[in-house]
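Structure record follows, encoded as structure tokens.
The values are calculated or read from the model by the stated rules, or taken from the named source; none is laboratory data. Just so you know, these numbers come straight off a predicted model, no measurement behind them. Note: ideal-geometry Cβ built from the backbone for every residue, glycine included; neighbour counts use all protein chains shown. In case anyone asks, the SASA skips ligands and DNA or RNA and just uses the protein heavy atoms, side chains included. Shrake-Rupley method; radii C 1.70, N 1.55, O 1.52, S 1.80 Å.
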Amino acid sequence: MENSHPLISVVIPFYNCAYVDQAIQSALRQTYRNFEIIVVDDGSSEHKTLLNPYLNQIRYISKENGGTATALNTGIQSARGELIAWLSSDDIFLPEKLYKQVTLMRTTGADMVYSNFNLIDETSQVYKKDVGLIIDHRIDFLKQLQKSCPVNGSTVLLKKELFTTVGWFDETLNYTQDYDMWIRMAAKFKMNVLNESLLNYRIHDKMGSKKYVKGQWEEIRMIQQKYKGMLARLIHCEENGNNGDCE
């Protein structure tokens with residue numbers, strides 16, 4: 001990363017979320033100042049007025065409803081930044097989130113970094129700290145991907161150019177587009193983790209992971225089957241000391 005202060009595009013997919021103003025505020029409060037905020041309105045019919053105070057501080061994109069993957073792809077494709085951060089509209093960045101991740105990317109040469117996170121409730125109160133799965137070694141990360149998604153998407157910072165290699169988020173997936181993406185990226189790129197909570201992740205009754213449990217599990221099983229052979233080959237490659245491009 002040649003530029004020590006690269007432009008970061010913070011993409012916020014928004015669909016009828018009552019917390020979107022808090023998400024935007026948390027992005028605006030970042031200590032790292034070279035960023036743009038892109039709010040992609042995925043066909044919302046509620047809570048759009050919450051955006052009004054921030055319209056001169058964000059890039060607002062309106063589209064027909066198509067799901068989170070379509071909103072992410074729309075935002076990333078219009079992003080001007082060298083780096084991309086995803087912020088779910090019900091979550092909150094801690095103030096040094098972007099600064100600490102940019103610093104880690106610069107010092108380690110990572111293509112993508114993610115972090116630990118806290119849980120908050122409907123009133124934004126932290127009720128459980130440091131709940132993320134922190135995995136320091138590539139082989140352990142690959143093994144975890146065989147079982148579950150170890151990365152909270154809102155904790156991620158990555159180079160926009162990675163999408164040129166792996167493609168966009170899979171728009172046929174309604175709930176697990178992030179799991180699918182991190183597997184594709186892990187196969188090709190260097191991922192690092194920062195064991196510090198830089199995100200407050202909101203748990204509430206209207207969140208998709210509570211409302212659509214059955215659909216989520218169906219997609220999880222499908223993704224695990226799809227990448228079973230590839231992940232097994234990558235793990236075998238790591239176990240045998242071949243750290244090159246082995247798939």
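Output the relative contact order of segment 1-135, whole-number percent, from Cα pairs under 8 angstrom with separation of 6+ residues. Walk me through the intermediate numbers first.
On the way: 235 pairs, mean separation 42.0, N = 135.
31 percent.
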Q. Considering the values (1) 40, 18, 14; (2) 28, 21, 17; (3) 37, 20, 17, which represents semi-axes √(5λ) of the Cα gyration tensor in Å as calculated for the structure under consideration?
A. (2)
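In percent, how large is the relative contact order of the chain, given Cα pairs closer than 8 Å and 6 or more residues apart? Show your work: numbers first, answer last.
On the way: 464 pairs, mean separation 53.6, N = 247.
Dividing the mean separation by the residue count of the chain yields 22 percent.
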(Q) Need the C-alpha centroid separation for segment 17-56 versus segment 150-203, integer Å. (A) 21
(Q) Among DSSP bridges having both ends in the chain, what percentage is antiparallel? Round to the nearest 5. (A) 25
Q: With unit charges on the beta carbon (Lys/Arg positive, Asp/Glu negative), name the residue among 112, 123, 168 whose Cα is farthest towards the positive pole of the charge dipole of segment 108-247.
A: 123
Q | Within straight-line cross-link reach of residue 97, lysines at Cα separation under 22 Å, skipping those fewer than 8 residues along the same chain | A | 128, 129, 159, 160, 190
Q.
Please report the accessible area of residue 97 (heavy atoms, 1.4 Å probe, ligands and nucleic acids excluded) in Å², nearest 10.
A. 0
Q | Probe 1.4 Å, all protein chains present, accessible-area order of 49, 108, largest first | A | 49, 108
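Per the helix-only calculation at 222 nm, which mean residue ellipticity applies to the chain, given -39500 (n - 2.57) for every DSSP H run of n ≥ 4 and division by its residues, nearest 500 deg cm²/dmol? Write out the running numbers ahead of the final one.
Values: 9 runs with 87 residues, N = 247.
The per-residue figure over the chain is -10000 deg cm²/dmol.
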Q: Considering only DSSP beta bridges where both residues belong to segment 71-194, give the percentage that are antiparallel (nearest 5).
A: 65
Q: Would you check the accessible area of residue 185, probe 1.4 Å, heavy atoms only, in square angstrom rounded to 10?
A: 0
